[in-house]
Each structure stands twice: as structure tokens, then as C-alpha cells.
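S.K.: Supplied in C-alpha cells, the structure appears directly below.
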Amino acid sequence: MSVLCVLSFLQFSLVQQILKNPDVFCFADYRFHSVAVDILKAPPESDNKEITTWRSLDLVETLLYLSDRGLYTQVQEMFKLPIQHCPDVLVLALLQINPPVTVLRQDLLTNLIPIFLGNHPNSAIILQHAWHSQVQYQVLSVVKLQIFCGRSRCQSWIKT
């Protein structure tokens, strides 16, 4: 096993423990590059540390980096909380971070964009922001697929 793999796993393990214990250590308690959530019509809770943590662009970039270092499944699992509790924050983070557009980043966007094609309070803002982002082609392809085959039938295709 290479030194890079070991270091990536150690970094992943540390981040994983931090995310499991936001009462002990929370990324949001320290300086970080934040997702611009001020554009949201219905902003997420600011007093919930589990959600506020996901405003960190640095955290999202680090996790995506680690997913490309052989930890895809483990990192994907860590994104379940923001997918369920603050999908708007996660989408904005994925749209606001710098390239590259990793495999996990594409997969997350593919699974998250359909949420905003439905009845979500931040749908218009998220879709407008996505339309003008650097990953516009990804968003457009998901929207076209939804329109072409209908939301319910495509949902199973998109998630695979």
C-alpha cells in the first residue's frame, strides 16, 4: 500500500470522526470558506451544527478529493446526512467549489438536481444557480432526462 493511500485513509478517518461528533469538534466553529447560502429563499438552520458543518466548501472539496483516492463508497456514505437534511446547501457547495468535476461530484449532482425539479422551497434559486454554474452541462442533462421520460420513471435510472 502506498504512502498516499495510507495518508488518504488517515485523513478520511479523522474527518469521519469529526462529522460523527459535532459536539466535540465542528468545522463550522472555525474559519472556513462558506457556501453562499444567503441566496436561498428558505435558508437552513444556523444553530444545528450537523447542518452548518456542510456549509464548508473546504470539507466538500476534501471529501471529493478522498473519493478519488480509493474511498468512493466510504465518502459517498458520508454525504447521506446532507442529502437528507440540507440538499440545497450540498448542491450549492458542489456548484461553488473549484474543478475538477469528480465522479462522485457528478453522481451527487445527478441525484440531487431532481429534488429541485419538484416542490422544494429553494427550487427556483438552486436551478438558476445551477444553470449559470461551471457544471451546467450536468444539470442540463439531468433536466432533459427528467423531461424526456417523466420524473417517476427516470428516478430509478438516475439513482443507479
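S.K.: Among LEU127, LEU81, which is the only one that is modelled with pLDDT under 90, open to solvent by 20 Å² or more (accessible area, probe 1.4 Å) and not small (Gly, Ala, Ser)?
M.R.: LEU127
S.K.: Determine which member of the set LEU145, LEU109 is at pLDDT below 95, open to solvent by less than 70 Å² (accessible area, probe 1.4 Å) and over 30 Å from LEU7 (Cβ atoms).
M.R.: LEU145
S.K.: Output the residues belonging to segment 40-56 that are open to solvent by 60 Å² or more (accessible area, probe 1.4 Å) and not basic (Lys, Arg).
M.R.: Listed by number, the residues that qualify are PRO43, GLU45, SER46, ASP47, GLU50.
S.K.: Taking the condition of a type in the set (A, V, I, L, M, F, W, C) and over 20 Å from GLN128 (Cβ atoms), does PHE116 pass?
M.R.: So PHE116 fails the test.
S.K.: Quick check: anything in segment 68-77 closer than 26 Å to VAL15 by Cβ and open to solvent by less than 50 Å² (accessible area, probe 1.4 Å)?
M.R.: Looking through segment 68-77, at least one residue is closer than 26 Å to VAL15 by Cβ and open to solvent by less than 50 Å² (accessible area, probe 1.4 Å).
S.K.: A further question on this structure: With the condition being farther than 19 Å from LEU127 by Cβ, I'd like the helices (runs of 4 or more DSSP H) fully within segment 11-116 carrying at least 3 qualifying residues.
M.R.: So the answer is 49-52, 57-66, 72-78, 80-85.
S.K.: Pull up segment 5-39, narrow it to residues that are at pLDDT below 90 and touching an Asp or Glu at 6+ places or on another chain (Cβ under 7 Å), then point me to the one that is surrounded by the fewest Cβ atoms within 10 Å (Cβ to Cβ).
M.R.: Out of the qualifying residues, it is PHE32.
The values are calculated or read from the model by the stated rules, or taken from the named source; none is laboratory data. In this text, all values refer to a predicted model and were calculated from it rather than measured experimentally. So basically every Cβ, Gly included, is an ideal-geometry build from the backbone, and we count neighbours across all protein chains shown. Heavy atoms of the whole protein, side chains included, go into the accessibility calculation; ligands, DNA and RNA do not. Shrake-Rupley method; radii C 1.70, N 1.55, O 1.52, S 1.80 Å.
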